[in-house]
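Just below is one structure, and these are the notes that go with it.
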There are 2 protein chains.
Amino acid sequence: MTKAEIQLSSEILSLVSDKTKVRNPVHFRDCIPNADHIKKHSNPIALTGGMPNHGFFPIENLHVTLKEKPFSSNNLIESSIPTIAKDSQLQTDIKTSLQYSETGGLPPLIKQIRQFVSRVVKPNYNSWDVIASLGGSDGINKSLELFINPGDTVLFEEFTFTPIINILKEKGGIPVPITLKEIFLKNTTELNYINELENLLENWSTLKPDLKFPKVLYTIPSGHNPTGLSQTLDHKKKVYALAEKFNFIIIEDEPYAYLNYKSFQNNKIELNQSNDEYINDLIPSYTTLDTSGRVIRVETFSKIFAPGLRLGYIVAHKDLINKLLKASEVLTKSPNGYSQLILNNAILSYGGIEGWIKWIIGVRDSYLTRKNTFIDNLLNSNASKKGYITPIDPSCGMFVSIIINIENHPNFKNKPEDYKDLMDQLYLKGVEYGVTFVLGHAMSVDYSYSSSRTNFVRAAISYVETDDVLVEAAKRTNDAVVDFFES
Amino acid sequence: MTKAEIQLSSEILSLVSDKTKVRNPVHFRDCIPNADHIKKHSNPIALTGGMPNHGFFPIENLHVTLKEKPFSSNNLIESSIPTIAKDSQLQTDIKTSLQYSETGGLPPLIKQIRQFVSRVVKPNYNSWDVIASLGGSDGINKSLELFINPGDTVLFEEFTFTPIINILKEKGGIPVPITLKEIFLKNTTELNYINELENLLENWSTLKPDLKFPKVLYTIPSGHNPTGLSQTLDHKKKVYALAEKFNFIIIEDEPYAYLNYKSFQNNKIELNQSNDEYINDLIPSYTTLDTSGRVIRVETFSKIFAPGLRLGYIVAHKDLINKLLKASEVLTKSPNGYSQLILNNAILSYGGIEGWIKWIIGVRDSYLTRKNTFIDNLLNSNASKKGYITPIDPSCGMFVSIIINIENHPNFKNKPEDYKDLMDQLYLKGVEYGVTFVLGHAMSVDYSYSSSRTNFVRAAISYVETDDVLVEAAKRTNDAVVDFFES
């Protein structure tokens, strides 16, 4: 099926920020007279750019040893990175990668990323493109920069990755939380806030009389941080319809999308899926619904390769990608060449995109085993059986949130301050028993708004050395919780 | 000699921007109750941060082959980068570097940078510190961010690295050029604008009635881009005295400082200096004069290691470094771990800071040979003997600027438009003869202000493969210039 070319409507362009509208960096290297009519020399010498010749770079050779699967030292893949690539369409090399390079990313890597997006993300139209970023936060920063003038508002899930709020406030933007009350219903398996969002938008002038109508929804649709839940395709369709109706941008932040457990509900563990099975099980991106070019997808290599790369990318309509390119030219320049060199080399050494997807499945499988170990042990704990806690089985990602049923605590009097007081007490019990979490209230956009829904903690299953540590962590969690409720 | 601790005065703090004053990013990981009174578990499990365990990283091992000298494949240095360092104070390793890491830079690398600054730059007081940046432009961006509110002004040398102007305008700042008329006197060997600067500051309200008094001077003191000239220590003392008198910040951008030819005037070539000789010949930094903490030094590894690193650092008073740290937390996060890993490993493999300085001397020596080849060939050209061009012998760096004496051109009528018209014609002669430069007018802060001093071109000697290409480039330059003047 041929997909459509779409053009950004004037409605969407009306959302663009003043700063973005006027941003047009001019580089001195481009200030040259038209030379079309001049007979060119056959072998010109350009003394223009201030690039050092690659002979000045101290690196002669890089040799990388890659793992076939996470945590495995079997079947290592040896790969040497050349000074000068034989096929510069495909390979990155030391000469090119360590030089000043394309602001939007090294062409061979960008080509691989485009292939990956076509194969895995599958946007709904043809006029998309990608641009490399300096990691997920940089991707969000630049995406917000496109739209936010001082005083503009952005919608957030009321619990979210709060460093984004700092980035927004830097631009004079104002965050507005969407209530997530469904996560506190028992046995919630999805992130659903369509009624709350619709109500907020329909009644904006009454509910938020002092605030401008929102330009952007920032969302973490898959393995939402902190709850670990995902939006269903049906939920996304409804949110997208609201975006069309009310004219706002959707920034989908998807660091966890590829750590997907969707097909593994009820512990039906099925490791080592084929690439096709794996891709079919992923929850479709908002970009697969996009008919206007109003969805911006932000990705990172932090979770599927390594955070130290400081490398990610943005998928969006090509006109927006062009604006992001101008922003990068002024705000950051290109991502570093080393990370691009090593990432592109790794993808090639894994056998291209299909091999890279296999690596990602390996990462997902390791997380899945961790997640099941931790959830099983929490569900079978006394704290759970006695109704003190309700662990949320995440559908994606690296976080397990645990609802603390503090209404069952003897000191709970249903006052707003009970939530923070009691949750802080629970945290200190954790310190005593040797297990620490992030407290729900720390991840709220606006604590005063969300206080009565902050009775949960977020546990990261990503950093511990082995699954055994998660067995012990679940045991300590139980002990701390039981002590908290019964002492 | 023990150097003084200094505190930033209220006069200096008055220059800080509104954005910087209110910037105080709070991370959710720090929102925890005080646990001082709690008996701690002896072996706690933290389920807090979203870092992947290093087992998830695909890299098992990195092996780097380093050159002893630029362009040399003799005496290669082999070096293996471990997954886990034996001495984590000194070495960086894959486990740490590929993880989320310190915003200000990896501690072992920062330690090496501090040593380098103490040994080579030698600031005048003790209370300085350093912070890693994502390259020179990022360093300037964040340094300007510290001070510039919309409407604030910054002084620039009238010809400069103009991408910084884009960065400044992004913040609503206004650039004001300082006239550089001395470079057009014959046989100029230094960058001197003290009279023009003093006059501008003394008569600001008359000369610039609509502009605020400047908060910052942005300067490239060594191997100034584009002229290649350097400020003498005496000039710096006078500028610093003006900064004290008029209360402005000096941002010194020093990408070229280590490619220093100062001791080699009159072609007295002396390669392979000792480290002490080399350091003694460097022109002292503005930081060596600083008694108030008003100098910010911006450095990059682009010219002495490789641009693809996207890595540099800033030297400033520690209170300003703290503000820069907060800015990095919101604006960029840490530089990428790969570049830090490989740079720190390279410095160690060269034998620490003294070995690293030897590498830098090797880079300088290669540039020096290039510079002398090009300058000699230009000086001995007909174009030079006939008075058509005056090459500027640079005292540092990778640029040779050539003054085109267009007052000798038959079509020169001393009208403002002659400068651009004739220089564009010369550029096109270059295209015909196979040599291209950056035109002087492209590097002006304000063309209309500087037009009658734009009769020069900038040649980069850095990118060509060998010295021979510079011989050919000088020949073509001569042919193009002679044709331009005589045809």
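The values are calculated or read from the model by the stated rules, or taken from the named source; none is laboratory data. Note that the coordinates shown come from a computational prediction; the quantities given were computed from them, not determined experimentally. Note that we place each Cβ from the backbone using ideal geometry, even for glycine, and neighbour counts take in every protein chain shown. Please note that ligands, DNA and RNA were not included when accessible areas were found on the heavy atoms of the full protein model with its side chains. Shrake-Rupley method; radii C 1.70, N 1.55, O 1.52, S 1.80 Å.
Taking A:SER14, B:SER366, A:SER222 and ordering them by how much accessible surface each has at a 1.4 Å probe, largest first, produces A:SER14, B:SER366, A:SER222. Solvent-accessible surface of protein heavy atoms, probed at 1.4 angstrom with all chains present, puts B:SER274, B:SER73 in the order B:SER73, B:SER274, largest first.
For segment A:335-364 versus segment B:178-226, the inter-centroid distance based on Cα atoms is 50 Å. Distance distribution note for segment B:364-486: the fraction of Cα pairs above 25 angstrom is 20%. Placing a label point 7 Å from Cα along the Cα-to-Cβ axis, B:ASP446 is separated from the same position in the other copies by 4.5 nm, shortest listed first. For segment A:248-392, DSSP calls about 50 percent of its internal beta bridges antiparallel. Taken one residue at a time, the phi angles of segment B:3-16 give Karplus couplings (6.51, -1.76, 1.60, θ = phi - 60°) of 8, 7, 7, 10, 10, 5, 6, 5, 4, 5, 5, 5, 7, 5 Hz. Gly and Pro are set to x. Within the full protein context, the accessible area of B:ILE164 is estimated at about 0 Å² for a probe radius of 1.4 Å. Pairs exceeding 31 Å between alpha-carbon atoms, taken from B:LYS67/B:LYS122; A:LYS169/B:LYS208; A:LYS181/B:LYS39: A:LYS169/B:LYS208; A:LYS181/B:LYS39.
Report the charge-dipole magnitude of segment B:434-485 in Debye, nearest 20, computed about the Cα centre from +1 at each Lys and Arg Cβ and -1 at each Asp and Glu Cβ.
Details: 4 positive and 7 negative charges, 54 e Å.
Charge dipole, segment B:434-485, about its Cα centre: 260 debye, nearest 20.
Accessible surface computed residue by residue for chain B, with neighbouring protein chains in place and a 1.4 Å probe, gives 36 Å² per residue. Sorted shortest first, the distances from the B:PRO416 label point to those of the same residue in the other copies are 6.3 nm; each point sits 7 Å from Cα along Cα-to-Cβ. Residues whose amide H lies under 5 Å from that of A:THR153, counting only those 5 or more places away or on a different chain, are A:ILE174, A:LYS215; hydrogens are built 1.01 Å from N in the peptide plane.
Using only protein heavy atoms and a 1.4 angstrom probe, determine the accessible area buried between A and B, summed over both sides, in Å² to the nearest 100.
Details: alone 22400 and 22420 Å², together 35030 Å².
Heavy-atom accessible area buried at this interface is about 9800 Å².
Taking the accessible area of the protein assembly as shown, probe 1.4 Å, and keeping the other protein chains in place, the carbon and sulfur fraction comes to 50%.
DSSP beta bridges confined to the protein assembly as shown are antiparallel in about 60 percent of cases. Residues of segment A:438-482 that bury at least 30 Å² of accessible area once all protein chains are present, compared with their chain alone (1.4 Å probe, heavy atoms only, ligands and nucleic acids left out), are A:VAL438, A:ALA442, A:ARG458, A:ALA460, A:SER462, A:TYR463, A:GLU465, A:ARG476. Ranking A:HIS54, A:PRO226, A:LEU66 by Cα position along the charge dipole of chain A, where only Lys, Arg, Asp and Glu carry charges on their C-beta atoms, puts A:HIS54 farthest toward the positive end. Charge dipole (Cα centre; +1 on Lys/Arg Cβ, -1 on Asp/Glu Cβ; no other charges) of segment B:80-361 amounts to roughly 380 debye. Amide hydrogen proximity for A:ILE296: with H placed 1.01 Å from N in the peptide plane, the residues at 5 or more positions away or on another chain lying under 5 Å are A:ILE250, A:ILE251, A:GLU252. With the helix formula -39500 (n - 2.57) applied to DSSP H stretches of n ≥ 4, chain B reaches a computed 222 nm mean residue ellipticity of -10500 deg cm²/dmol. In terms of distances greater than 28 angstrom between alpha carbons, the cross-link table entries A:LYS420/B:LYS318; A:LYS215/B:LYS212; A:LYS326/B:LYS333 yield A:LYS420/B:LYS318; A:LYS215/B:LYS212. Across the copies of the chain, A:THR189 has label points (7 Å from Cα along Cα→Cβ) spaced 8.3 nm apart, shortest distance listed first. Expressed in Å, the radius of gyration and Dmax of the Cα atoms of the protein assembly as shown are 29.8, 99. Axis of helix A:233-246 versus longest Cα principal axis of chain A: the two differ by about 70°, to the nearest ten degrees.
What does the structure give for A:420-428 when I average, per residue, the other chain Cβ atoms found within 10 Å of the residue Cβ? List each step's numbers first, then the result.
Values: counts 1, 1, 0, 1, 4, 1, 1, 4, 6.
Average per residue, whole number: 2.
In this view, the solvent-accessible surface of B:ASP468, computed with a 1.4 Å probe and all protein chains in place, comes to about 110 Å².
Please compute the net charge surrounding B:GLU407, taking Lys and Arg as +1 and Asp and Glu as -1 over other residues with Cβ under 13 Å from its Cβ. Show your work: numbers first, answer last.
Details: positive: B:LYS186, B:LYS413, B:LYS415, B:ARG453; negative: B:ASP418.
Here the count lands on +3.
Backbone phi angles across segment B:339-349, fed through the Karplus curve with coefficients 6.51, -1.76 and 1.60 (θ = phi - 60°), yield HN-Hα couplings of 4, 5, 4, 6, 5, 4, 4, 5, 4, 4, 5 Hz in residue order; Gly and Pro are listed as x.
Extents of chain A, largest first, come to 89, 60, 43 Å (Cα atoms, principal axes, whole angstrom). Ordering of B:328-340, A:48-60 by packing is B:328-340, A:48-60, highest average first (other Cβ atoms within 10 Å, averaged per residue).
Charging the Cβ of each Asp and Glu at -1 and of each Lys and Arg at +1, and nothing else, the dipole of the protein assembly as shown about its Cα centre rounds to 340 debye.
Over all pairs of distinct alpha carbons, what does the Kirkwood formula give as the hydrodynamic radius of segment B:80-361, in Å? Display every interim value, and only then the final one.
Values: mean 1/r = 0.0507 Å⁻¹.
In segment B:80-361 this quantity evaluates to 19.7 Å.
The figure for A:HIS441 is an accessible area of roughly 20 square angstrom, using a 1.4 Å probe on the protein chains alone. Backbone geometry of segment B:65-77 corresponds, through the Karplus equation with coefficients 6.51, -1.76 and 1.60 at θ = phi - 60°, to 3J(HN,Hα) couplings of 10, 9, 7, 6, 9, x, 6, 10, 9, 8, 6, 5, 10 Hz, x marking Gly and Pro.
In this structure the amide hydrogen of A:ILE178, modeled in the peptide plane, comes within under 5 Å of the amide hydrogens of A:PHE156, A:GLU157, A:GLU158, none closer than 5 places in sequence on its chain. Reducing segment B:1-77 and segment A:1-43 to their Cα centroids gives an inter-centroid distance of 38 Å.
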